[in-house]
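K.L.:
Before I ask anything, here is the structure I am working with.
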Amino acid sequence: MRAGWSYVGRRALFALITIFIAISLNFVLFRLAPGDRTSALRCQGCTQEFKQQLRADFGLDKSVPEQYVIYLNQTVRGDFGRSFVTEQPVISELWQPIKNTLPMILLGTIISIMLGITTGVIAAWRRNTLADKGTVWGGLLFYSLPTQWLALMLILYLAGPLNLPTSDIADPYLAYSNAGAWAEFVDRLKHMILPAATIGLVLFGEYTLIVRSSMLEALGEDYILTARAKGLSNWEIITQHALRNSMLPIVTLVFLSLGFIFGGTILIETVFNYPGIGLQIYESVGNRDYPVLQGAFLLLTVVIILMNFLADLLYFKLDPRVTE
Amino acid sequence: MRKRLLGIILFGAVALLAACGGGESTTPGGGGDNAATGGAETAAIKEGGIFRLGTTSNPDSINPFVGFSALSYILWTETYPTLVQYDTDYKIVGDWADSWTTSSDGKVWTFKVKANGKWSDGKPITAADAAFTGNLVLKYGEGPAAMMAPFIAHSTKFEAPDATTLVITYDEPVANVLPQLQQFFILPQHVVEPIIGDKGKGLKQWDPMSGGAQVGGGAFYVKTFEKKGTTIIEKNPGYYTTPPHVDAIGLTVYQNADAMLAALKGGQLDSVDTMPPTLAKQWSTDPNFTLQVGSSSFIYDIPINSNQKKTDHRELLDLKVRNALDLAVDRNQIIETVLNGYGTPVATMFTDLSSPYNNTDIPIPPYDIAAANKILDDAGYARGADGIRVGPDGSKFDWEVIVPENVEGIDRLFEILKTSWAELGINITAKKLDSTAAFEAIGAPDWKYLDFDLAIWDWVGYIDPDFMLSVLLCNQLGGWSDTGYCNPEYDKLYDEQGITLDAEKRKAIVWEMQDIQSRDLPYLWVAQKQSISAYSKNWGGLTEPFLLGMSKIPWDTIHQTG
Amino acid sequence: MTVLAIEDLHVWFELPDGKELHAVQGIDLSLERGERLGLVGESGCGKTTAILAMMGLLPPTASAAGRILLDGEDILAGGDNTMRAHRWTDIAMVFQGAMNAFDPVKTIGSQIREPMQAAGLAKGKAARARTGELLELVGIAAERQDRYPHEFSGGMRQRAAIAMALACEPKVLLADEPTTALDVMVQAQILELLIRLTDELGLAMIMVTHDLPLVSQVCQRAAVMYAGRISEIGTTSELYHHPQHPYTRMLFRATPDLLAERDVISIPGSPPRLDQEIIGCPFRPRCDAAIDTCAIAYPPTRTAEPGHLSACFVEESA
Amino acid sequence: MSLIDAPMTPLNEVRKSPSRLRSLLSFLRKHPQAAIGFVILMFFVFVAIFGPYFAPYGEREQVGPIFGTPSSAHPLGLDDGGIDMLSLLIYGARVTLIVGFAGAVVAMVVGGAIGIISGYFGGKTDNALMRTTDYFLVLPDLVLMIVVASIWGRSLRNIIIIIGLIYWTFMARLIRSQVKVVRERAYVKRAQALGATHTRIIFKHVIPQIAPLLLAQTVLMVALAIFLETAISFLGLGDPSVTSWGKMIETAFSRSAISYGAWWAIAPPGIAVALVIMAFNMVGTAAEDSLNPRLKVSHLSRRHFRLRPLPDKEAPK
């Protein structure tokens, strides 16, 4: 399997190069933004000398290449600078929101994968039946719904009847009143359901269509006929052969979208007032908090690159043909 | 970003005030204990409990060297000792200070402070803490402590001859020392001293929560702080005056009012600081909640570029045009539609909070399109083929309006304006920007105020008129000015009111300044929005201004009902 | 002893435009134990459809009629239900183009084991051992069962496909173009392997191909199919030496002969479409010996020798 | 037309369809899903073009109380400004569709150009362009969008450019691979041998060949662009001077329609967006399918072949 490992190595190298490009362009992108850390400052004591001093403190008086080297150096060491707004390290500003967002995204993705695979497989297997048509139309419909609007509809029509909270990540007073770990867990889950369901439903539309079409593709392959000839049951044929093969495009899709949902949670987190990474980014834009924005942007880009890489690795694991 | 603007203004205001020197009288102390009696409160007082408050604005930092949002100020007001405070009638009274005297030259202020106060970690609060904080800010005021510097502007040294005496020396007599000191938060020396660091850099990076909880010295201390979540402040057992009824206060930040109101309705909150006007009527009939409609600290205004050097659309400099525009602002419809009736029209920069400085002689312009059209016709601005008026220099009445985002209802306001002004043969397009970018766009290029035509913004009404008046000074070009307005006559009056200690005389000057404004119209004043908050009927003792952020919240009266 | 007998088998396909395609129009075949029968014809003649029908693998758009007797039992009588029980355990198949007959993401071994496990014949270690034996039988080292299809050459894959077909010790092996797309050397090896296996295991085989000379090398008997019917059937030497049907004759000429150096002459035209009824002999338009009668009716089956039947009005001289 | 043109025009390339309209009709007949989508689209395009002439009320005309409930006079009720929702919906169609189409066209032009150059020239050009594309592909799109929108300011033009800039990558990749195929075709080789310039070959031979795919992808991209418009507007980065469906959702949300229970202020624009996006997707996927048909028959089906009685045997003559 030496050829295989060289594949992994090549993908890893590619990921690293892309990350390097992302880091560099990130520097450029925010250098292009108007103003710097000091220009937006307005206060009585903000004299030119004061601003000059500040610029020196932030290393903004150095030449661009010098700044770039310093920036690279810091980035490699995981130092993304300090927030303009809170003066706390960017990493710690981003860490909590990420921790909040992650489980919500995972739950949503799990919901969408389970729903999407089930309906997609049924639709492909019962092609041209009512179930198939229903799935295709339903998938198209959910794929077409604006995310934020779906979220609002869930609040409007589901939150009340199901008695689910529509904002924040947890009831803060539970921890304060020492309600116990289980109660806190249930509470967290409750807060997560609606945002996760939104992600789940939005992705579901896309997933079910893709699963269906890649299942149809797989079901048309000769090895399915072989499997039937071999006397395998339908269930065995679908799970052992068709699904296994159609998983390849699905896995890639899931990992790719996992990377993008991180950024895409902005809409959902805005609606559900969910203190995650999306909300953090949105606020940083409003505050012109460039270090946080730059850090978040880089982080999300790297996440997407890593997800790509993971998808490659998984592909490698799932598809024995991938060696070149 | 209303609250944020409020924060900025608060700290700027005092800085400006400091420049104007002042009298030499001695103000008697407010007697320290300003606990309200609760008056007509009939429900039984139940001690303890946690008051859970929802807000749509957020605290940016609890480090006073960093944060500047209004909510952060509220948190510091509740958790750090201050020498004086506004009472519920917006009069300065003693808080930690029991009494104070001023030297005859007005430069030396001596405060007697309470001896019984303790920080939340058990250490006593002494005048030495105050002197330390003051001197620290003096030392690093041009650097890391810039955020705190305005509150002690013109002071030269802080001394604590004994534990209950604080002496502040100023380099000139300053008239409004007390309104400044109302926001001078006294920090625990034993906590801050070790983190100062090289050139004070540690101050900016200080995390007051690093010890697990903040070391507070007010009625409360911050137990948990979450910028976008819930911040809980707990009763400080060592508080120097009447302790609050509640055990703790929770402050949850919401990005949108909908979510907040759902939480209030669902019983996860006891109160919300703002009720959207669109919903207020619906809620006012809800038996479980009390809607509190109070004074306004919020005005919609339309800044017009008043820089005489403005390059294009110079027709906007024509006072006749401004008058016509003012007549074509349908204030009543704006109040009905944007504020759902929770507002009143205004013609000047002050809300009712600033009474009696509010010039009530200036009439609210009637909505009169015909009259406005006539003014423009008479001034010779003919309509072009497309119905849009054209100035004699060929300049079309087609203007760009800078609209900051995140100001409630401002899009709606723009639309109403666009419709009304279209009837005058004027077209406006919105340029929507985040508040920083919007402010930069107004000053563009480079704070020369040459490009922008008009803007729509909100204006924060404050108690003392000084800051609001100062925004229109010539020296504010590049500072707070959002109109490019400069009028030496106005500036002269401003300096005069700054040293006029007689309230009546000062009022007359301030009224005159407003007259000048209503003549020059650098702003069209539209409407003030009443503050609307709501709280559950399980709570009592909440008096009108409890969440306006202008004074210390009267926790000694707010309580759970039995 | 007759293992498999096909009696009057018909297959129709529904077409999307509502028409129907009569792909197999009543064929009769019988197969003795250990016998190798070639089923020959150009593409579109219904050969593959016929053997898919024998496996019960017709698509849902198909319908079938007739009888398929396995050891005297009509396994077509209950449609898919009765056929399923016999798939692979009694009748197994080597598919055309073994390239795609294997699932690319599973090991060769696991795919060979699958039918054993499905039929409950062997499990776990026993199944593994049996897989190894089968692979050895077709000339592949037993330990290569853990390799993936793409790691095998075309010839090896075809061998593995044969091993897979033998997994449940079937009575009948259907081989659909088992050697197309393989180079000549490998072709010969595979054919040799098939001959050896059928001889050793007493397995009956139907080999489908368009290559008549190839059939004469491998099979004792051959049936030539044209337009869904059998135009001629007989022993391969009879067919070679005394072809009764012009189509048979032309098929021999159309394939490069390994033995003689005759010119290769391709048959002009192509087989007729079967979505409409054909009047007369379907081969008539391409026939070089057609007579007037051919246009009117389908030729009756004529017996040239015992067991050598053909459907042609014209009596072919040797 | 120069003389050189004549031999260069390959016979199989210029398939003059009898008429564009007829080929469209036959496409729609073959794909009922596309036909439904097309009808929905035509309806909204009609509304977008002529809507202002038949909208019952003005775009900014307050005709009743805020959040007035649906009634016979106002079938969709009133919004937070007391403006007729139905009229707003009609006015909003235009901006939404303009942003959708224009954004997709920007993506098509940028992505198409890069895809063609990359695919046609290959080699180092291809490598450089595709590495750039790779980078853009991993950018978190929504985040990039709000960063750029907040830096550039909010206007319809900027939104269109942003949408185009975000989506060109998809287009570029797809077109590149197609161009690579076309490039190898005989008539392109012949044209090259005859000394035609690259520009000429690209415009005369390559673009006509990939045009249908380009078109199908553009249709799909319109759906994405509309989706993004609603997202941008929802985040308050839209153009405040114009009414779009995305902005209507944002307004309803920020003005607490949910708490008010004013479903009519929030549901209709979302449904309109969903319908249009769905319609574009239906037409786009059908067009894509017809260009790249998957004719594979499923080997596995719940149904099995049927049995039928033997046909009447004709007596052998």
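K.L.:
All but one of (1) in contact with an Asp or Glu (Cβ under 9 Å, 6 or more places away or on another chain); (2) modelled with pLDDT under 90; (3) closer than 25 Å to D:V222 by Cβ; (4) not small (G, A, S) hold for A:V136; which doesn't?
P.N.:
Status for A:V136: all satisfied but (1).
K.L.:
Restricting to the stretch D:298-317, what's the tally of residues that are modelled with pLDDT under 70 and either facing another protein chain (nearest Cβ under 7 Å) or within 27 Å of the chain's Cα centre (by Cα) (or both)?
P.N.:
Qualifying residue count for the region: 2.
K.L.:
Quick one: C:G280 ticks every box in (1) crowded, with 17+ Cβ neighbours inside 10 Å; (2) more than 12 Å from chain D (Cβ to nearest Cβ) bar one, so which box is it?
P.N.:
(2)
K.L.:
Here's something else I'd like to know. Keeping to the stretch B:292-319, report how many residues are open to solvent by 40 Å² or more (accessible area, probe 1.4 Å) and either under 30 Å from B:V272 (Cβ atoms) or at pLDDT below 90 (or both).
P.N.:
Here the count works out to 3.
K.L.:
With the condition kept exactly as written, say whether any residue in the stretch D:193-213 is free of Cβ contacts under 8 Å to residues at least 40 places away in the same chain, farther than 25 Å from B:A437 by Cβ and assigned to a loop (DSSP other than H, G, I, E, B).
P.N.:
yes
K.L.:
Suppose we keep only residues that are part of a loop (DSSP other than H, G, I, E, B) and among the β-branched types (V, I, T) within the stretch C:60-115. Which one would you say is farthest from the other protein chains (Cβ to nearest Cβ)? Explain how you work it out, then say what you get.
P.N.:
Quick first cut of the stretch C:60-115, residues part of a loop (DSSP other than H, G, I, E, B) only: C:60-61, C:71-72, C:75-79, C:85-86, C:88-90, C:95-97, C:102-107.
Next, only the ones that are among the β-branched types (V, I, T) stay: C:61, C:75, C:89, C:105, C:107.
On the way: C:T61: 8, C:I75: 12, C:T89: 7, C:V105: 6, C:T107: 8 Å.
Within the stretch C:60-115, the match that is farthest from the other protein chains (Cβ to nearest Cβ) is C:I75.
K.L.:
Find the residue count for the stretch A:265-287, including only residues that are farther than 17 Å from A:L145 by Cβ and either open to solvent by 20 Å² or more (accessible area, probe 1.4 Å) or more than 9 Å from chain D (Cβ to nearest Cβ) (or both).
P.N.:
Of the stretch A:265-287, the ones farther than 17 Å from A:L145 by Cβ are A:269, A:273-287.
Now narrow it down to the ones that are either open to solvent by 20 Å² or more (accessible area, probe 1.4 Å) or more than 9 Å from chain D (Cβ to nearest Cβ) (or both): A:269, A:273-277, A:279-280, A:282-284, A:287.
Looking only at that region, the number is 12.
K.L.:
Run down B:E440, B:E408, B:E423 and say which single residue is at pLDDT 90 or above and open to solvent by 30 Å² or more (accessible area, probe 1.4 Å).
P.N.:
On the way: B:E440 fails: at pLDDT 90 or above; B:E408 fails: at pLDDT 90 or above.
Just a single option satisfies the conditions, and that option is B:E423.
K.L.:
Out of all the residues in the stretch A:177-214, which are within 18 Å of A:M247 (Cβ to Cβ), away from chain D (no Cβ under 14 Å) and of a type in the set (V, I, T)?
P.N.:
A:V211
K.L.:
Hey, another quick one. Can you report the number of residues in the stretch A:313-322 which are open to solvent by less than 30 Å² (accessible area, probe 1.4 Å) and more than 7 Å from every other protein chain (Cβ to nearest Cβ)? Reasoning before the result, please.
P.N.:
Step one: filter the stretch A:313-322 for residues open to solvent by less than 30 Å² (accessible area, probe 1.4 Å), giving A:319-320, A:322.
Still in the running and more than 7 Å from every other protein chain (Cβ to nearest Cβ): A:322.
Adding up the residues that qualify gives 1.
K.L.:
Here is a follow-up. Considering only the stretch B:352-375, how many residues are more than 30 Å from B:K505 (Cβ to Cβ) and either in contact (Cβ under 8 Å) with a residue 12 or more places away in the chain or buried (at least 20 other Cβ atoms within 10 Å of the Cβ) (or both)?
P.N.:
To start, the set of residues in the stretch B:352-375 that are more than 30 Å from B:K505 (Cβ to Cβ) comprises B:366-375.
Then keep just the ones that are either in contact (Cβ under 8 Å) with a residue 12 or more places away in the chain or buried (at least 20 other Cβ atoms within 10 Å of the Cβ) (or both); that gives B:366-369, B:371-373, B:375.
Number satisfying all stated conditions: 8.
K.L.:
Which of (1) buried (at least 23 other Cβ atoms within 10 Å of the Cβ); (2) on the phi > 0 side of the Ramachandran plot is the odd one out, the single condition C:E177 does not satisfy?
P.N.:
(1)
K.L.:
Which condition does B:T224 not pass, out of (1) out of contact with any strand residue (DSSP E or B) (no Cβ under 6 Å at 6 or more places or on another chain); (2) closer than 16 Å to B:F51 by Cβ; (3) free of Cβ contacts under 8 Å to residues at least 24 places away in the same chain, if it passes all the others?
P.N.:
Going through (1) out of contact with any strand residue (DSSP E or B) (no Cβ under 6 Å at 6 or more places or on another chain); (2) closer than 16 Å to B:F51 by Cβ; (3) free of Cβ contacts under 8 Å to residues at least 24 places away in the same chain one by one, B:T224 breaks only (1).
K.L.:
Can you tell me how many residues within the stretch C:27-50 are modelled with pLDDT of 90 or more and touching a His at 6+ places or on another chain (Cβ under 8 Å)?
P.N.:
Residues that pass the stated criteria total 1.
K.L.:
Quick check on A:R127: is it at the interface with chain D (Cβ under 10 Å from one of its Cβ atoms) and of a type in the set (D, E, K, R)? So that I can check it myself, show each step before the final result.
P.N.:
Numbers: at the interface with chain D (Cβ under 10 Å from one of its Cβ atoms): yes; of a type in the set (D, E, K, R): yes.
Considered against the rule, which asks whether it is at the interface with chain D (Cβ under 10 Å from one of its Cβ atoms) and of a type in the set (D, E, K, R), A:R127 comes out as yes.
K.L.:
Also, I was wondering about something else. Can you give me the ranges of the helices (runs of 4 or more DSSP H) entirely in the stretch D:74-182 with at least 1 residues that are at positive phi and away from chain A (no Cβ under 14 Å)?
P.N.:
Values: elements: D:85-121, D:123-137, D:141-152.
Those helices (runs of 4 or more DSSP H) span D:123-137.
K.L.:
What number of residues in the stretch A:215-264 are more than 21 Å from A:A197 (Cα to Cα), within 11 Å of chain D (Cβ to nearest Cβ), in contact (Cβ under 8 Å) with a residue 24 or more places away in the chain and open to solvent by less than 30 Å² (accessible area, probe 1.4 Å)?
P.N.:
Counting residues in the stretch A:215-264 that are more than 21 Å from A:A197 (Cα to Cα), within 11 Å of chain D (Cβ to nearest Cβ), in contact (Cβ under 8 Å) with a residue 24 or more places away in the chain and open to solvent by less than 30 Å² (accessible area, probe 1.4 Å) gives 6.
K.L.:
Then there's this: Would it be correct to say that D:L291 is farther than 14 Å from A:L152 by Cα and touching a Pro at 6+ places or on another chain (Cβ under 7 Å)? Spell out the reasoning first.
P.N.:
On the way: farther than 14 Å from A:L152 by Cα: yes; touching a Pro at 6+ places or on another chain (Cβ under 7 Å): yes.
So D:L291 fits the description; yes.
K.L.:
Looking at the stretch B:492-512, can you tell me whether even one residue there is among the acidic types (D, E) and crowded, with 17+ Cβ neighbours inside 10 Å? Show your work before the answer.
P.N.:
Going residue by residue through the stretch B:492-512, those that are among the acidic types (D, E) are B:495-496, B:502, B:504, B:512.
Pick out the ones that are also crowded, with 17+ Cβ neighbours inside 10 Å and you get none.
No, the conditions are met nowhere in the stretch B:492-512.
K.L.:
Here's something else I'd like to know. From B:E440, B:E408, B:E423, B:E400, which residue is within 14 Å of chain D (Cβ to nearest Cβ) and closer than 30 Å to B:D87 by Cβ? Walk me through it before giving the result.
P.N.:
On the way: B:E440 fails: closer than 30 Å to B:D87 by Cβ; B:E423 fails: closer than 30 Å to B:D87 by Cβ; B:E400 fails: closer than 30 Å to B:D87 by Cβ.
From the options B:E440, B:E408, B:E423, B:E400, the qualifying one is B:E408.
K.L.:
Is there any pair linking a residue in the stretch A:161-174 that is within 8 Å of chain B (Cβ to nearest Cβ) and open to solvent by 20 Å² or more (accessible area, probe 1.4 Å) to one that is outside any loop (DSSP other than H, G, I, E, B) and among the polar types (S, T, N, Q), with Cβ under 6 Å and at least six apart or on different chains, and which?
P.N.:
A:P172/B:T230
K.L.:
Looking at the structure I just gave you, is B:F414 open to solvent by less than 10 Å² (accessible area, probe 1.4 Å), out of contact with any Cys (no Cβ under 7 Å at 6 or more places or on another chain) and more than 12 Å from chain D (Cβ to nearest Cβ)? Steps first, answer last, please.
P.N.:
Values: open to solvent by less than 10 Å² (accessible area, probe 1.4 Å): yes; out of contact with any Cys (no Cβ under 7 Å at 6 or more places or on another chain): yes; more than 12 Å from chain D (Cβ to nearest Cβ): no.
Here the answer is no, as B:F414 does not meet what is asked.
K.L.:
For the stretch C:122-147, enumerate the residues that are within 11 Å of chain A (Cβ to nearest Cβ) and either aliphatic (A, V, I, L, M) or assigned to a helix (DSSP H, G or I) (or both).
P.N.:
Just the residues of the stretch C:122-147 that are within 11 Å of chain A (Cβ to nearest Cβ), to begin with: C:146-147.
Once the filter is applied, which keeps residues that are within 11 Å of chain A (Cβ to nearest Cβ) and either aliphatic (A, V, I, L, M) or assigned to a helix (DSSP H, G or I) (or both), the stretch C:122-147 yields only C:D146.
The values are calculated or read from the model by the stated rules, or taken from the named source; none is laboratory data. The model shown is predicted, which means the values in this text are computed figures rather than measured ones. In this analysis, Cβ positions are derived from the backbone assuming ideal geometry, glycine residues included, and neighbour counts consider all displayed protein chains. Please note that ligands, DNA and RNA were not included when accessible areas were found on the heavy atoms of the full protein model with its side chains. Shrake-Rupley method; radii C 1.70, N 1.55, O 1.52, S 1.80 Å.
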